[in-house]
Each structure stands twice: as C-alpha cells, then as structure tokens.
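A short write-up of the structure that comes next.
The values are calculated or read from the model by the stated rules, or taken from the named source; none is laboratory data. Quick caveat: nothing in here was measured; it's all calculated off a predicted structure. Heads up, the Cβs are rebuilt from the backbone with ideal geometry, glycines too, and the neighbour counts pull from every protein chain shown. Heads up: the accessible areas ignore ligands, DNA and RNA and are worked out on the full protein's heavy atoms, side chains in. Shrake-Rupley method; radii C 1.70, N 1.55, O 1.52, S 1.80 Å.
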Amino acid sequence: MKSAALSTSTDRLPERAAVIDLDAIRHNVRHLAALAAPARLMAVVKADAYGHGAIPVAHAALEAGADWLGVAHISEALALRAAAIPVPVLAWLHTTDSDFHAAVAADIDLGCSGWELAHIVAAAQQLRKTARIHLKIDTGLGRNGSTPEDWPDLVAVARQAELTGDVTVVGIFSHLAVADEPSRVETDEQLAVFTTAVAQAQAAGLDPVVRHLANSAGVLSRPDTHFDLVRAGLAIYGLSPFADKTSADLGLRPAMKLRTLVSVCKDVPAEQGVSYGLSYRTTAPTTLALIPLGYADGIPRIATGGPVRVNGVTYPVVGRIAMDQMVIDLGEAALVASGASVIGAEAVLFGSGDDGEASADEWAAAAGTINYEVVTRISPRVPRVYRNA
Ligand SMILES: *Cc1c(COP(=O)(O)O)cnc(C)c1O
C-alpha cells in the first residue's frame with residue numbers, strides 16, 4: 001500500500017477541472033482576425049463555446065477583436081443577451097417551436113433558409129419591430145439553406161418583407177463542407193454557387209452588408225472564402241481543423257486543459273486484471289494508478305489508450321474506461337521506486353500540446369473522433385476554471 005503525500009501540490013483547483021486559458025482565446029481571436037482582415041470575425045460560441053463556457057469565452061473574444069457572436073439555437077443567443085452582451089448575435093438552427101418572438105425582441109439576428117421567414121415576419125409584426133435576418137443558401141453541404149432552385153423565390157419574398165418594414169436582410173451566408181481538406185474542388189463549386197446567389201439577391205433589390213461563408217478551416221486556408229465576415233469556432237479554442245496540421249503549425253494555442261489528481265496508486269502482481277471485462281492484464285509485477293475521470297465526465301468510453309501525463313511521463317489508459325474512472329499502468333520502473341507514490345499527483349489528459357503535454361487531438365485519435373467532439377463533450381460534472389479572466 002502506498003500512501004499519499006499529505007500536502008496538496010495543486011493551486012486550489014477543483015479536484016477535477018477543465019482549466020480554460022482566456023489569454024489563449026484572446027491570442028487565437030487576434031490571430032484569426034488578422035488573417036481574416038478586412039473581413040470581420042464572428043466568434044462561434046454554440047454548445048457552450050465547444051465546452052469552454054459561452055459567457056467567459058464571448059467576453060474574451062470580444063475583447064480581442066471579434067465583432068459578432070454566432071450560435072446554433074435562439075436559446076443560446078438569449079443566454080448571451082441575458083448576460084448583457086450587446087453585440088450582434090446570429091442564431092441559425094431553428095424548429096417550428098423556436099421562440100422567434102423572443103429572438104426578435106432581443107435583437108437576435110436570425111438565419112433563414114425559407115420556412116422561418118413567415119414565423120419571423122409574424123414575430124416582427126406583433127412586436128412592431130424590424131427583424132434582422134441572414135438568408136442562407138445551401139451551396140452543397142446538404143443541410144440547412146435554401147436550394148439554389150428555391151432561392152429566387154426566397155429573395156423575392158424577403159425583399160417584399162423589407163419593403164413592409166418587417167425584416168432587414170443583414171446578411172447572406174452558407175456553410176462549407178470540405179474546407180478541412182483545402183485542395184478539394186467542392187469548395188470552389190460552393191464558392192461559385194454562393195457568388196451567384198449573392199448576385200441574384202442584389203438583383204432582387206437586397207443589399208446585404210455581410211456575406212459570410214468561411215468556418216475555421218476556410219479562415220485558415222481559403223482567403224477567397226472570407227467575404228465580409230468569417231465564422232470561426234474551433235480555431236478560437238486553439239484547435240486545428242486539419243488532420244495534417246497541429247495547433248502550433250497554425251499559430252494557435254489550445255485553451256482547454258483537462259486535469260485531475262491520481263486517486264489511487266498500488267503495486268500489483270503479474271496477471272492482475274484491470275477494469276470491467278478484465279480486457280487488460282498486467283504482464284509483470286507493476287504499479288497501477290487510478291484516474292478519477294470517466295465517461296460521465298465526457299471521456300469517450302472507447303478511448304482506451306488515450307494519454308494521461310503524470311509527473312512528466314505520459315501513460316496510455318489500460319482496460320476499459322468506466323463511468324467515473326480509468327486506470328494507467330505506471331510499469332515496473334514505478335515498482336522499483338517503491339514508496340514513491342503518485343497519489344495526489346496531477347494527471348493531465350490534454351492541454352497545450354507543448355512540453356510533452358498531450359493534446360485533444362491525441363484523445364480524438366484514441367476515440368476515433370475529432371478534436372471538436374473531445375472538448376465539446378466534457379460534461380457539466382467537470383468544473384470549468386478560468387485563467388486570465
Ligand atoms: C459550427 C459552425 C461554424 C464554426 O465552424 P468551425 O469549424 O468550428 O469553425 C460556422 N458556421 C456554422 C453555420 C456552424 O454551424
């Protein structure tokens with residue numbers, strides 16, 4: 001049995017924490033805004049800012065030069081307004097149950113692909129206000145957005161709604177499908193459809209002040225997609241949208257570090273089974289360490305092999321990841337150093353990617369997913385702690 005050191009080595013972080021460096025957010029926003037200029041930058045803070053916390057991230061992004069915020073849902077936009085954030089906020093994903101009335105009342109810009117227009121006009125008339133809308137054209141992604149076939153009708157109806165004072169068409173936008181693979185021709189095809197759609201809208205009398213198409217990958221690799229405004233999500237969190245480029249390659253700094261403390265450390269014999277299913281067995285006498293994070297915290301259960309760094313050494317998770325915990329095998333060396341317990345030592349799952357620290361990319365690889373999903377899934381059970389607020 002190994003005993004814990006009695007002093008705590010950490011600077012009063014919660015025992016499990018996603019530490020968010022708001023200076024990293026500011027750095028990334030400044031970097032992206034400079035790349036996008038003269039286009040303006042919309043910081044996309046949907047899904048609680050990809051798990052980083054929408055309100056603190058929104059404030060940091062605005063301090064660093066973003067002028068717009070973007071979210072998927074009206075409810076997310078209203079939460080920004082409830083925090084007294086006054087800048088333009090665009091929400092683009094609606095259902096017939098979405099609260100268009102509350103959105104127009106709160107001066108939320110609304111994405112509109114077609115059917116929403118009647119709901120938005122009705123809300124505007126009730127409120128005796130002019131709603132701000134961004135018409136969306138599907139240039140090839142096959143999700144939201146008017147088809148090119150329906151587009152002439154949509155712009156005509158939107159122009160009528162402008163003339164009656166119910167709406168103003170602030171923007172025209174679309175979303176890229178393959179910008180993370182910069183050489184694919186489909187981005188050129190999307191650009192061509194977008195340019196045609198803008199021209200048709202202008203011919204119908206619309207005068208959108210912001211045309212916007214680029215996501216993070218577009219900002220970083222396709223200046224021809226920047227237009228008047230870019231919508232950057234992943235990159236403001238310091239993560240790379242490209243499979244073959246790291247954050248550092250792109251001049252970005254990952255903002256989230258996920259850490260906890262080693263909960264248990266003990267010597268075991270060869271053939272010790274580890275975690276449910278006993279899918280891992282030690283091959284020799286060794287030392288195991290228990291890490292108190294699991295799938296309830298948003299660590300994918302499938303990510304056995306993911307990296308955990310303790311005292312400057314990175315160990316792969318062995319055996320199954322459980323709801324609350326996972327195990328690393330410190331190896332024979334730790335056994336030789338018997339008595340040198342790591343109970344209470346900091347265990348870092350991912351962070352900057354520098355100095356041997358793992359990145360969310362490595363956890364994504366272990367889980368067969370993308371870095372977007374790794375950070376966004378970190379659950380509310382893990383407290384967010386902010387640095388450099
Ligand atoms: C999520 C989203 C973005 C941001 O995409 P990133 O790849 O994270 O930069 C931009 N636009 C729309 C419509 C989105 O849904």
Which value, in debye to the nearest 20, gives the size of the charge dipole of the chain about its Cα centre, when Lys and Arg are +1 and Asp and Glu are -1 at the Cβ? 860 debye
For Val178 paired with Thr283, estimate the spin-label separation in nm (one decimal), with each label point 7 Å from Cα along the Cα-to-Cβ line. 4.2 nm
Check every DSSP H run in the chain and write down those whose alpha carbon atoms cover 24 angstrom or more along the long axis and whose mean Kyte-Doolittle hydropathy is -1.0 or greater. 186-203
Which Cα, out of Val264, Leu35, Val169, lies furthest along the positive dipole direction of the chain (beta carbon charges, K/R +1, D/E -1)? Val264
Once you charge only the Cβ atoms, +1 for Lys and Arg and -1 for Asp and Glu, what is the size of the charge dipole of the range 256-387 about its Cα centre, to the nearest 20 debye? 420 debye
Going Cα to Cα from Lys129, which aspartates and glutamates come in below 15 Å? Please leave out same-chain ones fewer than 8 positions away. Asp107, Asp109, Glu162, Asp166
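Listed highest first by mean packing, meaning other Cβ atoms within 10 Å per residue, what order do 79-86, 224-231 come in? Provide the component values of the computation, followed by the final result.
Values: 79-86: 13.8, 224-231: 21.1.
Packing proxy ranking, top to bottom: 224-231, 79-86.
Of all accessible surface on the range 256-387 at a 1.4 Å probe, what whole percent is carbon and sulfur?
Details: 3120 of 5720 Å².
After summing per-atom areas, the C and S share lands at 55 percent.
Compute the accessible area per residue over the range 50-166, keeping the other protein chains in place, probe 1.4 Å, unit Å².
Values: 4870 Å² over 117 residues.
About 42 Å² of surface per residue is accessible.
Sort largest first and round to whole Å: the equivalent ellipsoid semi-axes of the chain, each the square root of five times a Cα gyration tensor eigenvalue.
Working: eigenvalues 447, 82, 64 Å².
For the chain, the ellipsoid semi-axes come out as 47, 20, 18 Å.
Can you pull the percent of the range 22-240's accessible area that's carbon plus sulfur, 1.4 Å probe, other chains left in place? Kindly include the intermediate steps, with their values, before the conclusion.
Working: 4430 of 8290 Å².
After summing per-atom areas, the C and S share lands at 53 percent.
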Modelled label-to-label distance, Asp354 and Ala340, 7 Å Cα→beta-carbon offset: nm? 2.7 nm
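Using a probe radius of 1.4 Å on heavy atoms only, what accessible surface per residue do you get for the range 256-387? Whole Å² is fine.
Numbers: 5720 Å² over 132 residues.
Accessible area per residue, the range 256-387: 43 Å².
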Say each of Val313 and Ala243 gets a label point 7 Å from the Cα, pointing the same way as Cα to Cβ; how far apart are those two points in nm? 3.4 nm
Take each of the peptides 39-52, 19-32, average the number of other beta-carbon atoms within 10 Å over its residues, and list them starting from the highest. 39-52, 19-32
Total formal charge among the other residues, if their Cβ is under 12 angstrom from that of Leu117, Lys/Arg +1 and Asp/Glu -1: -3
Residue farthest toward the positive end of the dipole of the range 256-387, with Cβ of Lys/Arg at +1 and Asp/Glu at -1: which of Val310, Ile291, Met323? Met323
